[in-house]
Amino acid sequence: MFGIQGGKQNAEQKKKSRAVYPLAALALAVATALSGCGAAAEGGTAQAAPGGAQTSAPVQGGELTYALATSPDTLDPRRSGLAVSVRVFSALYDTLLVRRQDGSLAPSLATEWEASGDGLSYTLKLRQDVKFQDGTPFNAEAVKYNFDSIIDPDTKAANALALLRPYKSSEVVDEYTIKLNLETPSQAFLGNLSQGMLSIVSEAAAKAEGEDYGKKPVGTGPFKFASWTENAEIKLTKNPDYAWGSAEAKNTGAAYLDALTFKIVPEEATRIGGVQSGQVLAAETVPPQNVVALQSDPNAQLLQTNTIGFPYTLFFNLEHKPWDELKARQAVQYAVDIDAIVKTLYLGTYERAWSSVTPGILGYDESLEGKLKPDPAKANALLDELGWTKGADGIRVKDGKKLTLHYVDGSPNREKRNDIAAMIREQLKAVGIETEVEITQDVATVVYQNWDYDLYGNSQVNSDPHGLTSFYHSTKEGDRRTLSGLSDPEVDKWLEEGAVEKDEAKRAEIYKKVQQYISDQALILPIYVFPYTVAAGKSVQGLAFDPFGYPIFNDVYLQK
Amino acid sequence: MKNSAAIAKSVAERSAAAPRREGRRKAGRRFRFGAAELLTGLAVLTVVFLAACALFPRLIAPFSPTDMNTAAILQAPSSIHFFGTDYFGRDVFSLVVYGTRDSLLIGVSAVAVGVLIGGTIGALSGYIGGRTDTVLMRLIDVLLTVPGILLALAIAAALGPGLRNIVLAIAVSSVPGYARVMRGQIMTIRKRGYVFASRALGARPSAVLLKHVLPNSLAPLLVMATLGLGTSILAGAGLSFLGLGVIKEIPDWGALLSQGRGYLTVAWWICTFPGLAITLFVLSVNVIGDHWRDAVDPKRKGRG
């Protein structure tokens, strides 16, 4: 209680300095602890950590503890909206298809697939030897139930719904053949079937549990659900019947591990420290400063994979003045030194982004790399041209109004995004733009309801450039608008063509045009490509990632 | 009429002066030179220096606190950067110096607001008594049931981030303590002979309260406020550490700690020095407060 102890505190206490000693001791203890930590981190030997798995015969048994940075929202893939949930899905469930490292599709629960001539339907042949963990068979009916329930508004499906569109209906051709019908042709559809959010759930379990299914999930994956303690841990145990691993997994049979436990440890230092002290065997999302330290730690290894999709990108709100003007946006582009930001904050562990999509996405335009260079002189010239003149405080003014940029970012400080804002504020101040940084816990209201921002950042894990539609296609009156608020019939036309074009090369060309347009119009500031990083003890072997950056647990074993 | 009022005044003044003189004489006796006095002297110097940092950071800090030198990030303390540099390449010493202003501002204004509200409630309650006392004190009792830091957290979370809201949160959570002490003190003082004398001579109740009761009741409250200053700064640092604070160009000590904690294993200096600044200030204020408390403590009379 503030203040209260002061007045009442031990009036009879004779030595006035007595109260002082514990405090001083505490300060000393803290100082010692701190310097101790520093020395420990610096004193590690300079042995390089191996990048991935070593080859030796896999060992059976053991439990892998894997620390997650945030808690999954639900273990029902249909209703989840978080990438962290998908990390658990990859152990619990299988998808119809999987994606190879080169981006092409490989069989998983579906063995063959074929598109109809008009692109309005896909026929999939399914594996015949698959059982859900509750013993019910996996067949065409199960797939039909899954997809129909996603488009059923009563399910309140989340990201899965967006991925499944434009799905219309399913026809069960025979027990292991299904025909999926679409509303409109979509080149992204088949690829989306490889995403964890479209994992196949057990119909019997989903129907029996209803809304609570997300707490008692049943899939076909190599691990089955055991228990979930809110904000603490999710326990999974080996599914001994598993024998249908996808063509992409090294181990297609039952998992080597007996158990897989996800611990939820939001505090970065605790999570990474847990690996170093052996409390957990692996921990995800290693902060850059720890990446550097871990590389010289003989007792730990660092695994890293870049994610694909849309990089962390700052979007201008084109509906807000003066950022509706090309020159104003270009001035910001010239003023911001993205290289310096990425190098400073991520210490060389993150790659800088150059375009609106990441490398590895169809049509990624390499010609944009190195195109945008910081040039404060040009930024100043552009702003002068627009009639913004520097005032006494160094901030530009036009018609009595200050040149301000309202930069919104979310809390907590994920991937140091708040620090990016702080750096951009300093860089923009140098050319006379005042940046108001608003950090909010309620992004849903500030950004997606009130659209009250000039600049806001977002990233997305995705497999297909078709996802650009949700950022740059114009929207109808009454529909949710896009982050950029762009409305250009030419871009709309390209995006619509890209959705249906069957020729890969032509399709890539279309998305290159879109990327170039976004670059020429200075619609965005692409910042970084997010690498998924995992710190693991030396005993953890065989941990690999799919192209989305999700771990493949079936191949993991613990070296004794 | 005129005459009697004048007599009342002089009597009251004399009677009021008596206890004050008594306090001063005792205080003088306490200020003999010794280890405790040396410590207090150092504490005073620290507080004066930190106050100077808050008022004239430009004169003390060698760098601008917002200057991000990306060529020199995460540098260990050196003769150029006394406290090293943070992950933006900002000079940590300059940041700590500039951060003093908001840290002290939070502490001082939270205490001022808390003392003002708490003191007023306590004084009214103790002096008027009766039903007013009962109602006010039950309200205070309700507030007392909630732990201070929890109350401050709840208020700060409800009001949202911002310097003003942090100050309010800490002030409100400290009100019950001040109110209780003030009420107790007023109730003791108002039964003193000089107060009765002044009443008997026909002084108005408000005049008696303001001239005689209040001035003689303030000492414990002020001591408590001094000690509360440290607690308030600590609470303010705690709230901004938790991210409930202000998002601004120049972070206060708590925000600095929070920003640096992710780097504890690789760059200990980013949060160690703001932490030490907090420790040093709170320690100094407590030493001064302790000393003052002892000096005005009636129970120590005759022991020194």
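Give A:479, A:464, A:452 a once-over and let me know the one that is open to solvent by 10 Å² or more (accessible area, probe 1.4 Å) and farther than 21 Å from residue A:160 by Cα. Before the answer, list the steps.
On the way: A:479 fails: farther than 21 Å from residue A:160 by Cα; A:464 fails: farther than 21 Å from residue A:160 by Cα.
Being open to solvent by 10 Å² or more (accessible area, probe 1.4 Å) and farther than 21 Å from residue A:160 by Cα holds for just one of A:479, A:464, A:452, which is A:452.
Can you pull out the helices (runs of 4 or more DSSP H) entirely within region A:235-337 that have at least 1 residues that are in the same structural domain as residue A:58 (by TED's automatic domain parsing), free of Cβ contacts under 8 Å to residues at least 12 places away in the same chain and among the polar types (S, T, N, Q)? Don't jump to the end; show me each part of the working.
Values: elements: A:268-277, A:288-294, A:326-335.
Counting at least 1 such residues, we get A:268-277.
Scan A:431, A:461, A:437, A:446 and give me the residue that is within 18 Å of residue B:249 (Cα to Cα) and touching a strand residue (DSSP E or B) at 6+ places or on another chain (Cβ under 7 Å). Lay out the reasoning, then the answer.
Numbers: A:431 fails: touching a strand residue (DSSP E or B) at 6+ places or on another chain (Cβ under 7 Å); A:461 fails: within 18 Å of residue B:249 (Cα to Cα); A:446 fails: within 18 Å of residue B:249 (Cα to Cα).
Criteria check complete, one pass: A:437.
Inspect region A:376-387 for any residue being more than 14 Å from chain B (Cβ to nearest Cβ), modelled with pLDDT under 95, more than 19 Å from the chain's Cα centre (by Cα) and crowded, with 21+ Cβ neighbours inside 10 Å and give the result as yes or no.
No, that holds for no residue.
Go through region A:491-509 and give me each residue that's open to solvent by 90 Å² or more (accessible area, probe 1.4 Å) and part of a helix (DSSP H, G or I).
Hits for region A:491-509 are A:493, A:496, A:504, A:506, A:509.
Any residue that is of a type in the set (Ser, Thr, Tyr), open to solvent by 10 Å² or more (accessible area, probe 1.4 Å) and assigned to a helix (DSSP H, G or I) - is there at least one of those in region B:184-195?
Narrowing region B:184-195 to residues of a type in the set (Ser, Thr, Tyr): B:188, B:194.
Add one more test, that the residue is open to solvent by 10 Å² or more (accessible area, probe 1.4 Å), and what stays is B:188, B:194.
The next check asks that each one be assigned to a helix (DSSP H, G or I); those that pass are B:188, B:194.
Yes, that holds for at least one residue.
If you go through region A:21-41 one residue at a time, do you hit one that is at pLDDT 90 or above and more than 30 Å from residue A:178 (Cα to Cα)? Show your work before the answer.
Of the residues in region A:21-41, the ones at pLDDT 90 or above are none.
No.
Looking only at region A:474-484, decide whether some residue is modelled with pLDDT of 95 or more, out of contact with any helix residue (DSSP H, G or I) (no Cβ under 8 Å at 6 or more places or on another chain) and not aliphatic (A, V, I, L, M). Give the derivation first.
Taking region A:474-484 as the starting set, the residues that turn out to be modelled with pLDDT of 95 or more are none.
No, region A:474-484 contains no residue that is modelled with pLDDT of 95 or more, out of contact with any helix residue (DSSP H, G or I) (no Cβ under 8 Å at 6 or more places or on another chain) and not aliphatic (A, V, I, L, M).
Scan region A:519-546 for residues that are outside any strand (DSSP E or B) and either under 13 Å from residue A:457 (Cα atoms) or in contact with a strand residue (DSSP E or B) (Cβ under 8 Å, 6 or more places away or on another chain) (or both) and report the count. Show your work before the answer.
Pass one, region A:519-546, residues outside any strand (DSSP E or B): A:519-523, A:530, A:538-539, A:542-543, A:546.
Keeping just the survivors that are either under 13 Å from residue A:457 (Cα atoms) or in contact with a strand residue (DSSP E or B) (Cβ under 8 Å, 6 or more places away or on another chain) (or both) gives A:522-523, A:530, A:538-539, A:542-543, A:546.
Matching residues across region A:519-546 total 8.
Going through region B:147-170 one residue at a time, which ones are at the interface with another protein chain (Cβ under 9 Å from one of its Cβ atoms) and in a helix (DSSP H, G or I)?
Correct list: B:148, B:149, B:151, B:152, B:170.
How about region A:376-405: which of its residues are assigned to a helix (DSSP H, G or I) and within 25 Å of residue A:340 (Cβ to Cβ)? Lay out the reasoning, then the answer.
Start the filter on region A:376-405 by keeping residues that are assigned to a helix (DSSP H, G or I), which leaves A:376-385.
Listed by number, the residues that qualify are A:376, A:377, A:378, A:379, A:380, A:381, A:382, A:383, A:384.
Looking for something assigned to a loop (DSSP other than H, G, I, E, B) and open to solvent by 50 Å² or more (accessible area, probe 1.4 Å) - is there at least one such residue anywhere in region B:127-146?
Filtering region B:127-146 for residues assigned to a loop (DSSP other than H, G, I, E, B) gives B:129, B:146.
Next cut, open to solvent by 50 Å² or more (accessible area, probe 1.4 Å) only: none.
Checked region B:127-146: no residue is assigned to a loop (DSSP other than H, G, I, E, B) and open to solvent by 50 Å² or more (accessible area, probe 1.4 Å).
Looking only at region B:200-220, decide whether some residue is within 11 Å of chain A (Cβ to nearest Cβ) and either open to solvent by 10 Å² or more (accessible area, probe 1.4 Å) or part of a helix (DSSP H, G or I) (or both).
Yes; the residues of region B:200-220 include at least one that is within 11 Å of chain A (Cβ to nearest Cβ) and either open to solvent by 10 Å² or more (accessible area, probe 1.4 Å) or part of a helix (DSSP H, G or I) (or both).
Might you let me know whether region A:424-433 holds any residue that is closer than 27 Å to residue B:90 by Cα, assigned by TED's automatic domain parsing to the domain that holds residue A:331 and in contact with a Lys or Arg (Cβ under 6 Å, 6 or more places away or on another chain)? Spell out how you get there, then give the answer.
Looking only at region A:424-433, we keep the residues that are closer than 27 Å to residue B:90 by Cα, and these are A:424-433.
Okay, now just the ones that are also assigned by TED's automatic domain parsing to the domain that holds residue A:331, so A:424-433.
So of that shortlist, the ones also in contact with a Lys or Arg (Cβ under 6 Å, 6 or more places away or on another chain) come out as A:432.
Scanning region A:424-433, I find at least one residue that is closer than 27 Å to residue B:90 by Cα, assigned by TED's automatic domain parsing to the domain that holds residue A:331 and in contact with a Lys or Arg (Cβ under 6 Å, 6 or more places away or on another chain), so the answer is yes.
Show the residue pairs that are 6+ apart or on different chains and have beta-carbon atoms under 9 Å apart, the first residue being within region A:408-427 and within 11 Å of chain B (Cβ to nearest Cβ), the second being among the acidic types (Asp, Glu) and part of a helix (DSSP H, G or I).
Short answer, once both residue conditions are applied: A:413/A:419.
The values are calculated or read from the model by the stated rules, or taken from the named source; none is laboratory data. Please read these numbers as outputs of a predicted model, since none were measured by experiment. Note that we place each Cβ from the backbone using ideal geometry, even for glycine, and neighbour counts take in every protein chain shown. The accessibility values were calculated without ligands, DNA or RNA, using every heavy atom of the protein model including side chains. Shrake-Rupley method; radii C 1.70, N 1.55, O 1.52, S 1.80 Å.
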